[in-house]
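The structure appears below as structure tokens.
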Amino acid sequence: KKTVFGSGELVSDVVLRGGKKKDAKGGEGYASFVCMGVDYTDAEDAALAVSLMEDLIKPRKALDTAVALEFAPLSTQADLDAFLVNGNEEALTSAMALKQVSATTLDTFMPLLKFARSKKLTLLAIAPEAQDVQIVRKDGLQSLNIDRREQYVVDTKGFIDLTQ
């Protein structure tokens, strides 16, 4: 049920060797990604995410690091940014509820959000808006307003080529 995928070398280096291995990859513009498949109602998954993040950021102290939140619609970015500044859980909870984010999900993953704030990590809202998901599920991507679609797909031609 719990998975980590993405840059396997990064995960094994950081988690298994404490970030001591030197890698030819790196430098300006280099980015690594670790994606965690989680159950948004399971506090153990939230605890696992915090534990993994603790290990992953140790060798990255001087580097910008972000936590992308698959449950947070793009329109909640300003709310996440405000939370990082003021730590106001109530305001974040209210804002997320207005965007149809489950209170259970937010409660379960609040320890990860607090951890990110304590370590001065960036939080990224990366989910589509709930109403857009409903439209696409019901009528297909082509039924989504072109302006809304462009918000999610920057390279339309590349996306079409990749999915055909």
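The values are calculated or read from the model by the stated rules, or taken from the named source; none is laboratory data. Keep in mind it's a predicted model, so treat the numbers as computed, not measured. Positions of Cβ are backbone-derived with ideal geometry, glycine not excepted, and every protein chain shown enters the neighbour counts. Heads up: the accessible areas ignore ligands, DNA and RNA and are worked out on the full protein's heavy atoms, side chains in. Shrake-Rupley method; radii C 1.70, N 1.55, O 1.52, S 1.80 Å.
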Filter region 49-89 for residues that are part of a helix (DSSP H, G or I) and open to solvent by 60 Å² or more (accessible area, probe 1.4 Å) and give the result.
-> E54, K58, P59, R60, A78, D81, V85, N86, E89
Taking Q77, is it at positive phi and not hydrophobic (A, V, I, L, M, F, W, C)?
-> no
Of all residues in region 93-106, which are free of Cβ contacts under 8 Å to residues at least 40 places away in the same chain and out of contact with any Asp or Glu (no Cβ under 6 Å at 6 or more places or on another chain)?
-> T93, S94, M96, A97, L98, K99, Q100, V101, A103, L106
Checklist (1) within 18 Å of V85 (Cβ to Cβ); (2) surrounded by 12 or more Cβ atoms within 10 Å (Cβ to Cβ) applied to L144, failing item | (1)
Among (1) closer than 30 Å to M53 by Cα; (2) assigned to a helix (DSSP H, G or I); (3) open to solvent by 70 Å² or more (accessible area, probe 1.4 Å); (4) hydrophobic (A, V, I, L, M, F, W, C) - the single one F159 does not satisfy = (1)
Which of the residues belonging to region 94-125 are open to solvent by less than 50 Å² (accessible area, probe 1.4 Å), in a helix (DSSP H, G or I) and farther than 23 Å from K58 by Cα?
-> A95, M96, T105, L106, T108
Could you identify the single residue in D13, D39 that is at pLDDT below 80, open to solvent by less than 60 Å² (accessible area, probe 1.4 Å) and not in a helix (DSSP H, G or I)?
-> D39
